[in-house]
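Student: Please find one structure pasted underneath; my questions will follow.
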Amino acid sequence: MSQDLRIALLQADTTWHDPAANRRRFEAEFEASCRGCDLVILPETFTTGFSSEAVAWAETMEGETVAWLRAQARELGAAITGSVQIRAGIGDDSEGGGGGAGRGAGDNEAGVRNRLLWAMPDGRLLHYDKRHLFRMAGEHDHYVAGRERLLVDFRGWRICPLVCYDLRFPVFARNRFDRTRPGDHDYDLLLFVANWPAARHRAWETLLRARAMENLSYVAGVNRVGTDGNGIAHAGGSAVLDFAGESMAAAGDGARTLVTTLSMDRLREYRARFPAHLDADDFELGPLP
């Protein structure tokens, strides 16, 4: 019998520009709702909200939030992930993540990244730097883009964590298949941490479902709720979809922790019954422009 994966999606109203308050909020929710989970997923920029101003006080990999995340993962016995603003040198790829300079590097001399952190219960820390920066909000003028995906091997699962606007780019999210090793996909769970505005909520719902169906993979999307300090409203809609695009759990538009269990056996059975990946196109990703 394959290992199931119990995941928790924390949909919350992020306190604007107050990392300490947000850490306290999520720590209380860990204790209340996340015991016994394997993986806990927080929203994008969960310590500050999606803010260009927060670049000025971005933390480092030696800062309070990284230390806190590692401590909480050890305490829970679970992996915890979410993104924060991190100041790192150009080309920095410490802690086993997917960093490097990309679009925005020329405009962002400070080297701040929208960095997804992945804290393991054994103390290890991985990271992924958001590749697709949301130019309609000027994110590309304030942050350095990442280059590579992060694929995490965790408790018998392969997981690909991405950030918000990445959801709109299916080539980067594609679940490739190794034809030399039947059954070997890039990942079993694709997840997105987000601050996705209510004005484009239909796109959020539609694209999450599309990514699940086209990649024969579970998909989890974690969004925030509430109105941020820029006056942007967020409608939540955090959800877990199965490999056929069917809803397994949905959080609605209020603050809520969504807990559900993913079955590896069901995923393998579906891929064997509907092996669309065998007809997929081969491709390689080129460098950033």
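Readers should treat all values here as calculations from the given coordinates under stated rules, not as data from a laboratory. Because the structure is predicted, anything quoted here is derived from the model rather than measured. Reconstructed Cβ throughout: ideal geometry from the backbone, glycine too, with neighbour counts over all protein chains shown.
Student: Express the C-alpha Rg of the stretch 5-279 as a ratio against the empirical globular expectation 2.2 N^0.38 Å, rounded to two decimals. Can you show the working numbers first?
Tutor: On the way: Rg = 17.4 Å, N = 275, 2.2 N^0.38 = 18.6 Å.
Normalised Cα radius of gyration, the stretch 5-279: 0.93.
Student: OK, next. How large is the dipole of the chain about the Cα centre if only Lys and Arg carry +1 and Asp and Glu carry -1, each at its Cβ, rounded to the nearest 20 debye? Write out the running numbers ahead of the final one.
Tutor: Numbers: 34 positive and 41 negative charges, 89 e Å.
Value, rounded to 20: 420 debye.
Student: How would you order 216-228, 167-179 from highest to lowest mean count of nearby Cβ atoms within 10 Å? Write down the numbers at each step before the final one.
Tutor: Numbers: 216-228: 24.2, 167-179: 15.9.
Averaged packing, sorted descending, gives the order 216-228, 167-179.
Student: When THR260, THR65 are ordered from fewest to most other Cβ atoms inside 10 Å of their Cβ, what list results? Each step should come with its number before you reach the end.
Tutor: Numbers: THR260 17, THR65 22.
So the residues, fewest neighbours to most, are THR260, THR65.
Student: Once each part is reduced to its C-alpha centroid, what is the distance from the stretch 239-269 to the stretch 154-169 in angstrom?
Tutor: That distance is 14 Å.
Student: Let me ask you something else. Going by how many other Cβ atoms sit within 10 Å of their own, how do THR15, THR81 line up, fewest first? Each step should come with its number before you reach the end.
Tutor: Numbers: THR15 20, THR81 26.
The fewest-first ordering by Cβ neighbours comes to THR15, THR81.
Student: Once every DSSP H run of n ≥ 4 in the chain is given -39500 (n - 2.57) and the sum is divided by its residues, what mean residue ellipticity at 222 nm do you get, rounded to the nearest 500 deg cm²/dmol?
Tutor: Values: 6 runs with 61 residues, N = 289.
Only helices count here, giving -6000 deg cm²/dmol.
Student: Just to be sure I understand the model, the point goes 7 Å from the Cα along the line to the Cβ. What's the resulting ALA272 to ARG35 distance in nm?
Tutor: 3.8
Student: Here is a further query. Just flag the GluC sites (Glu not before Pro) in the stretch 214-289 sitting in loop per DSSP whose Cβ has no more than 16 other Cβ atoms within 10 Å. Write out the running numbers ahead of the final one.
Tutor: Numbers: sites: GLU214, GLU246, GLU269, GLU284; in loops: GLU246, GLU284.
Within the stretch 214-289, the qualifying GluC sites (Glu not before Pro) (loop, at most 16 other Cβ atoms within 10 Å) are GLU246, GLU284.
Student: Next question. Given Cα pairs under 8 Å that are at least 6 residues apart, what percent is the relative contact order of the chain?
Tutor: Working: 671 pairs, mean separation 58.0, N = 289.
Normalised by residue count, the contact order of the chain is 20 percent.
Student: DSSP loop (so not H, G, I, E, B), at most 13 other Cβ within 10 Å: list which chymotrypsin sites (Phe, Trp or Tyr not before Pro) in the stretch 233-289 pass both filters. Walk me through the numbers on the way to the answer.
Tutor: Values: sites: PHE243, TYR270, PHE283; in loops: PHE243, PHE283.
Answer in residue order: PHE283.
Student: In the stretch 6-85, what trypsin sites (Lys or Arg not before Pro) fall in a loop by DSSP, with at most 13 other Cβ atoms inside 10 Å? Could the numbers behind the result be given before it?
Tutor: Details: sites: ARG6, ARG23, ARG24, ARG25, ARG35, ARG70, ARG74; in loops: ARG35.
Hits after loop and neighbour filter: ARG35.
Student: Take the alpha carbon atoms of the stretch 21-68, find their center, do the same for the stretch 121-149, and report the distance between the two centers in whole angstrom.
Tutor: The stretch 21-68 and the stretch 121-149 have Cα centres spaced 15 Å from each other.
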